[in-house]
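So the structure is just underneath, and the comments pick up after that.
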Amino acid sequence: MKVAVVGAGIVGRLITTSLLKRGCKVSLFDKASSFPERNNSASLTAAGMLAPFCELEYGTKEITKWGLRSLELWPKIIKELGSNIYFQQKGSLVICHPQDLNEFSYLQREVDRHGYRECYKVVDQKVINELEPCLAPRFNKGLFFPHEGQISPDDIFDAFNENILPHINTNFRTCVKKIENRTLFIDRGKEEFDLVFDCRGWEGKQDWKSLRGVRGEVIRLQCHSQLLNRPVRIMHPRFPIYLVPRPNNELIIGASSIESDEAGDVSVRSCLELLSAGYSALPELGEARIVEQNAQVRAAFSDHHPRVERNGNCIRVNGLFRHGYLLSPAIVEKALELAFNEDTLCISP
Ligand SMILES: Cc1cc2nc3c(=O)[nH]c(=O)nc-3n(C[C@H](O)[C@H](O)[C@H](O)COP(=O)(O)OP(=O)(O)OC[C@H]3O[C@@H](n4cnc5c(N)ncnc54)[C@H](O)[C@@H]3O)c2cc1C
């Protein structure tokens, strides 16, 4: 079967990997290169947190369910991608400064309300200091979610480029101007396939009018040593942030959440807010080097749920919002079912 995948973000890459395993002849199209500049790619800008419980602050129980399914699927996908991929499940820690302790209540209430009370522990200063010695002795109370994890988007892109690209027909730097059922319109003319997967992220908006853009900004730091063992979220009434450690002593500080579809560079204001909130939690960051700053657009529907829909021979997957890594394994599983199993229902409102 001849299949086209349009968009080589995390969704398009995982769909391509699954299609290849099924023996399909896959053509992958992306207007960017195979390892795009970060400021061309939401998937490369992402912090890579896999946080099905903490994300209840922004989502619903459905997100948690898909996130838990994805956590089950990631180890198998990593094996299929076949290279060293930084993936860990050492949990995530949520903290706040003593004056902001009320900030815990909303997250705790949402997690409890959805029946996941057993999925976190309330921890005191001693436990926080054991989990994350560099945070000592500034935080007295925290919430620890031991099942949550993280993955490195860079490693996934590298592994995919090395192990999957050689087996498919690649069309990078190729803009797909229009998708009509199973026909793609590109500069060199029309191309027809048996099946098309539309995974254009934010730029799928031209065919998905209810999609909205939410700008997210991150700053990447090079630290002198590994300062954290796991993602740490700092609750704050105005500047909630997360600190996410990466291999080679890198650390990501993110992220703003602004109702805007403008990508590119981080604003001065967001830069000040992210860095000062990070520095106040972890003063060692003062000597870290800023190696990158980047703003990207998260594609979202109003309920923050992703959509998987089929129209003729075209399957569209979009709206992964702030959950591309958290949800894509489960959502891709659903998209493949929808493509190959007549009885499957769409994920749509
Ligand atoms: C700051 C920030 C932090 C984030 N942190 C996390 C996190 O910690 N955990 C998590 O799970 N998620 C996170 N996310 C969300 C995650 O990045 C997105 O949900 C995910 O990238 C969406 O993937 P996608 O494949 O749908 O879209 P994209 O990554 O946007 O990929 C779409 C691809 O389609 C290509 N394309 C578009 N139009 C065309 C066209 N016409 N022709 C050809 N190609 C085209 C684009 O070039 C692009 O490569 C974060 C997002 C941001 C912005």
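The values are calculated or read from the model by the stated rules, or taken from the named source; none is laboratory data. Predicted model only: the values in this text are computed from it and were never measured. Note: ideal-geometry Cβ built from the backbone for every residue, glycine included; neighbour counts use all protein chains shown.
The table below lists the values:
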quantity: Members of the range 203-239 found to be polar (S, T, N, Q) and assigned to a loop (DSSP other than H, G, I, E, B), listed by number; calculated: S210, S225, Q226, N229
quantity: Residue within the range 130-137 that is closer than 21 Å to K31 by Cβ, of a type outside the set (K, R) and in contact with a helix residue (DSSP H, G or I) (Cβ under 9 Å, 6 or more places away or on another chain) present; calculated: no
quantity: Members of the range 181-191 found to be in contact (Cβ under 8 Å) with a residue 60 or more places away in the chain and surrounded by fewer than 19 Cβ atoms within 10 Å (Cβ to Cβ), listed by number; calculated: N181, R182, I186, E191
quantity: Pairs where the first residue, in the range 150-174, is at negative phi and the second is acidic (D, E), C-beta under 6 Å, 6+ apart; calculated: F172/D30
quantity: Test: residue in the range 60-76 that is in a loop (DSSP other than H, G, I, E, B) and in the same structural domain as N171 (by TED's automatic domain parsing); calculated: yes
quantity: Only one of T60, T16, T45 that is β-branched (V, I, T) and more than 13 Å from the ligand (Cβ to nearest atom); calculated: T60
quantity: Spans of strands (runs of 3 or more DSSP E) in the range 259-336 with at least 3 residues farther than 30 Å from K2 by Cβ; calculated: 289-300
quantity: Neighbours by Cβ (under 8 Å, 6+ apart or cross-chain): first from the range 1-12, under 14 Å from K31 (Cβ atoms) and near the ligand (Cβ under 10 Å from one of its atoms); second part of a loop (DSSP other than H, G, I, E, B) and among the aromatic types (F, W, Y); calculated: A8/F172
quantity: Candidate set from the range 276-333 (those that are among the β-branched types (V, I, T) and more than 20 Å from the chain's Cα centre (by Cα)); member that is nearest to the ligand (Cβ to nearest atom); calculated: I315
quantity: Which numbered condition L243 misses (of (1) in contact with a Leu (Cβ under 8 Å, 6 or more places away or on another chain); (2) closer than 19 Å to L44 by Cα; (3) within 11 Å of the ligand (Cβ to nearest atom)); calculated: (3)
quantity: Unmet criterion (only one of (1) part of a helix (DSSP H, G or I); (2) touching a strand residue (DSSP E or B) at 6+ places or on another chain (Cβ under 8 Å)) for I95; calculated: (1)
